[in-house]
Amino acid sequence: MRSSARCFKALERIYLRHRSTSFIGLGRMGHEMALNLFSKQFIKNVDTHFVVCDAIPDSSRAFADKFLGQFPRAKLAIASTPEEATLASQTIITMLPSSPEVKTVYTEGILPVLHKLPPEQAHGTLCIDSTTLDVSVAKQVAADVISAGAEMVDAPVSGGVTGAKAGTLSFLVGGSDASFKRCESILSLMGQRIIHCGSSGSGLGAKICNNLVLGVQQIVVGEAMLLGQRLGLDPGILAGVINSSTGGCWASSVNNPVPSSLEGKSPPCERDYEGGFATVLMLKDMGLAKDVAEQSKSPIPLGEAAEELYRQVIREQPDLARKDFSSGLNTISRALVALLVPLDAEPLVSHLRIVDKFSVVPATTYIGAEFPKILDNPLVEYRQANLTVPAVVASCFEPPEGQAPYDYVFDYTGEVRNDRTEMIQINTTLNISRLIGLEAAKHKVKAFVRIQLPFYDTGSSSKSQHTEKDDIKPVNTIGIWWHETLRVLAAIEGLNLVILRTGFVYGPYTNYGIITSGITVASVYGYLKKPMKSMWSPGKNPNNTVNVADVAGAAWACAEWIGPLGRTEANVLAGEEILFHNDKKKVREVEGMPPHDQKLIAPLFNLLTGDHVEEINEHHVSGWTEMITTSKPPIPNTPLSAYMDSFALAKHVLAYNNTKIKEVIGYNLKKPFFNHEAIKEVIDKWKEEGSWPNLD
C-alpha cells in the first residue's frame with residue numbers, strides 16, 4: 001500500500017506516543033537524517049512507530065515511499081500538521097529552514113498540544129530542534145517548551161548533506177544535563193559526535209561560530225582552486241596538496257568546488273551543485289553570525305565580507321540560491337552563434353535562444369572577447385537553465401511573444417571531462433540530450449542537429465580512413481555514453497535528427513581540447529628552446545582535426561538539408577545504423593535506453609580537416625607559468641593551461657573520411673587545412689584579448 005493512501009488518525013494513537021518518533025521538516029538535511037534515524041530504530045525494534053510532517057506534502061509522500069520501499073513492514077504515517085505529529089509521538093525532532101519557521105511550528109503547533117496533553121504525557125515528551133536559527137529565538141522556544149512540562153534541546157548539526165547521508169554528523173547540543181543524556185542515544189543514530197556545549201542556546205552559539213569559519217573558508221578555497229587552474233595546475237593535484245598541508249579543511253577535502261578534484265568522492269560540484277548546502281542557507285548563517293557579533297560587540301570583518309559575497313551571488317544569479325554554496329558556454333557553440341548572428345553581416349535567423357548552465361552577465365566561465373558583443377544583439381536571447389529538469393527543458397521551447405515556434409535545434413550538450421563517472425555521463429550527457437530531443441519531437445522542429453565529439457578510436461587497422469558505415473569503437477566511459485546518446489536520440493519517434501561527428505576541434509576562443517593543449521605546449525617548448533617530443537612517431541597515428549568555424553557551418557548546412565526533407569527521406573539518403581556498444585544490463589537501468597538489438601538508423605556525417613600527430617608527454621606547467629608572468633604586460637588571468645591530463649596524453653587514433661558530407665549536403669570546408677596559418681589565427685585572437693603571453 002502506498003504511503004499516500006495511509007490515513008493518519010492522531011487521536012487514536014496517543015497511547016502509542018512512547019513508541020513513536022515524529023520528524024518535522026524533510027528538506028535536504030531532514031530527509032537524510034530521518035532516513036538514517038528511522039532505519040536504525042526500525043532495525044533495533046520493529047514495533048517502533050514513525051511519523052513525518054513537512055510543509056510540502058509531496059516531500060512527506062516521497063520520503064514515505066522511499067522508506068517503506070526499503071522497510072515494507074515499518075509503521076509510518078504522514079501527519080498533515082505539526083499538531084498531529086506532536087499528538088502522535090513522545091519524541092519530536094524538527095529540522096526547519098530558519099527562525100520564523102521554528103517560531104510558527106512551535107508556538108502554533110507543538111506548544112498548544114503540549115498544554116492540552118495529560119501531564120504525564122507532556123512530561124515524557126522530548127523536543128529536539130536541529131535548525132540553525134537565532135540564539136535568542138532558540139532560548140525563548142526552549143523556555144516555553146519546558147514551561148509546558150516537556151524537555152527540549154537545541155541540537156544544530158555540522159557535516160552537511162554528505163554527513164547526513166552517511167550518518168556522520170556532529171551534533172552541538174544545548175540544554176540541561178538530563179535532557180542531553182536522554183537525547184544522546186537518539187542523536188547517535190544520525191551522527192558520530194554528540195557534543196554537549198552547555199545550557200539552552202549553547203549548541204547554536206557553537207554552530208554559528210563553526211559556520212562563520214566554513215563560510216569564509218569556502219570562498220577562499222574557491223579562489224585558490226581557480227588561481228591554481230589559471231597557473232596551469234591540475235585540480236586533483238592542487239586539492240591533494242591543500243588537503244595534506246596547512247590549508248586543509250572540510251571546504252577543500254569534502255566540498256571542493258572544482259569537479260574531479262577529489263578522487264573517489266562526489267561533492268555537489270559533480271552534480272551541477274545540486275544536493276548540497278544551499279547558498280541561501282549559508283547566507284542565512286552568515287547573517288546570524290553578524291547579528292550575534294553585533295549583540296556581543298565582537299568584530300567579524302571577514303565574516304561581513306563573506307556575507308556580502310553570498311548576498312551578491314544570489315542577487316546577481318538567483319538560480320544559484322538553492323544550489324550548493326561551493327558553485328562555476330559550450331566552447332564550440334559560440335562559433336555557431338557568431339555564424340547565425342554575425343557582428344558585421346546580416347543574420348541568418350529571426351531569433352536565437354542560447355541555453356546553458358553558466359551565467360554570462362557576469363560571466364562564470366570563459367566566453368571569449370567577441371561573444372559578449374553578440375549577446376547585445378536584440379535577436380539573441382541567453383537563458384541560464386538547469387537542463388536536467390524536464391519542466392525547464394519544456395520552457396526553453398516556448399518562443400517569445402510574437403515569435404514563431406523554433407525551427408532548428410542544435411544540441412551541443414554533453415559532459416566533456418574524461419574523468420567523470422558513469423552516473424554523471426548518464427545524467428548530464430545522455431539524459432539532457434534525451435530530454436531536449438523528446439521536447440523537439442513534441443514541437444515538431446524541422447531539424448535537430450546533434451554534435452558528436454570524437455570520443456572514438458578508429459584503431460590500428462590497415463584502413464587509412466573510416467566512413468560513416470564503419471563500426472568504430474567508443475573510448476572509455478565518456479565515449480560509451482556519448483555514443484549511447486546517439487542511439488537514444490535515433491529511437492525518438494518524429495525527431496528530425498542529423499548527427500555531425502567531428503574530428504578534434506580547435507579554433508579562435510576555443511580553450512578546451514587536446515589541440516588547444518597541444519598548441520599551448522608547443523609554445524612552451526619554443527620558449528624553452530627545446531625540441532618538442534611526442535609519445536609515438538609522427539605520421540603513424542592520425543588525429544583528424546576540424547576548425548570551430550566548420551563545425552558551425554556544417555551544423556547549419558545539416559539543418560538546412562534535413563528541414564525540407566524530413567527524417568524518413570533523410571534516412572534514405574544518409575542513414576546509418578547506430579550500433580550498440582554498451583552493457584546489455586544497462587538497458588533495464590537507464591531510462592529511455594533502447595533495447596540492445598533494436599536497429600536504429602539516423603543520418604550521420606563525418607566532419608574533419610587534416611591531421612594532428614604530435615602528442616606530448618612532459619611536464620610543462622612551470623614553463624607556461626614563467627611565460628605568462630614575464631609577458632609584457634603580465635597575464636594574471638588566462639583560460640589556457642599547459643597542463644595535459646591523462647586523456648590528452650593518451651594515444652589517440654582518429655581517421656575519418658568526410659567525402660559523404662561533401663557529396664550529399666554539398667558542404668565545403670571553410671578552413672580545410674590545419675597548418676601554421678590556422679594556428680596563427682587562433683593565437684592572434686588570444687593575444688588580442690590578453691589571454692596569450694606577449695614575449696616579443
Residue in region 577-592 that is buried (at least 22 other Cβ atoms within 10 Å of the Cβ) and modelled with pLDDT of 75 or more present: yes
Unique match (being modelled with pLDDT under 90, surrounded by fewer than 19 Cβ atoms within 10 Å (Cβ to Cβ) and within 24 Å of VAL157 (Cα to Cα)) among GLY264, GLY247, GLY287, GLY236: GLY287
Which numbered condition GLU120 fails, given (1) acidic (Asp, Glu); (2) open to solvent by 10 Å² or more (accessible area, probe 1.4 Å); (3) at pLDDT 95 or above: (3)
Qualifying residue in region 218-228 (condition: touching a helix residue (DSSP H, G or I) at 6+ places or on another chain (Cβ under 7 Å) and outside any helix (DSSP H, G or I)): no
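Okay, residues lined up against (1) open to solvent by less than 50 Å² (accessible area, probe 1.4 Å); (2) modelled with pLDDT under 95:
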| position | (1), (2) |
| --- | --- |
| SER130 | yes, no |
| VAL137 | yes, yes |
| SER147 | no, no |
| LEU187 | yes, no |
| HIS196 | no, no |
| CYS209 | no, yes |
Residue list for region 682-696, restricted to those being over 34 Å from the mean Cα position of the chain (by Cα) and surrounded by 11 or more Cβ atoms within 10 Å (Cβ to Cβ): ASN694, LEU695
Any hit, region 156-171, residues being in contact with a strand residue (DSSP E or B) (Cβ under 7 Å, 6 or more places away or on another chain), in a helix (DSSP H, G or I) and under 18 Å from MET95 (Cα atoms): yes
Output for region 381-399, where each listed residue is farther than 12 Å from VAL355 by Cβ and either touching a strand residue (DSSP E or B) at 6+ places or on another chain (Cβ under 7 Å) or of a type in the set (Ser, Thr, Tyr) (or both): THR388
Residue in region 47-57 that is within 38 Å of the chain's Cα centre (by Cα), part of a helix (DSSP H, G or I) and at pLDDT 95 or above present: no
Which listed residue, of VAL258, VAL220, VAL241, VAL216, is crowded, with 19+ Cβ neighbours inside 10 Å and modelled with pLDDT of 90 or more: VAL216
Enumeration of residues in region 58-101 that are within 26 Å of the chain's Cα centre (by Cα) and either over 19 Å from ILE186 (Cβ atoms) or of a type in the set (A, V, I, L, M) (or both): ASP58, SER59, SER60, ARG61, ALA62, ASP65, LYS66, MET95, LEU96, PRO97, SER98
Leading residue by the ranking (farthest from THR568 (Cα to Cα)) among those in region 414-448 that are assigned to a loop (DSSP other than H, G, I, E, B) and open to solvent by 70 Å² or more (accessible area, probe 1.4 Å): ASP419
The one condition in (1) more than 17 Å from MET190 (Cβ to Cβ); (2) among the hydrophobic types (A, V, I, L, M, F, W, C); (3) crowded, with 23+ Cβ neighbours inside 10 Å that LEU111 fails to fulfil: (3)
Tally, over region 481-514, of residues that are open to solvent by 10 Å² or more (accessible area, probe 1.4 Å) and of a type in the set (S, T, N, Q): 2
Any chance ILE300 is at pLDDT 90 or above, farther than 23 Å from SER395 by Cβ and of a type in the set (Val, Ile, Thr): yes
Any hit, region 480-488, residues being within 23 Å of CYS269 (Cα to Cα) and in contact with a His (Cβ under 8 Å, 6 or more places away or on another chain): yes
Given (1) at pLDDT 95 or above; (2) under 27 Å from ASN543 (Cβ atoms), number of the condition ILE601 does not satisfy: (2)
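The values are calculated or read from the model by the stated rules, or taken from the named source; none is laboratory data. From a predicted model like this one, the values you see are computed outputs, not experimental measurements. Note that we place each Cβ from the backbone using ideal geometry, even for glycine, and neighbour counts take in every protein chain shown. When the accessible area is computed, the model is the full protein with side chains, heavy atoms only, and any ligands, DNA or RNA have been set aside. Shrake-Rupley method; radii C 1.70, N 1.55, O 1.52, S 1.80 Å.
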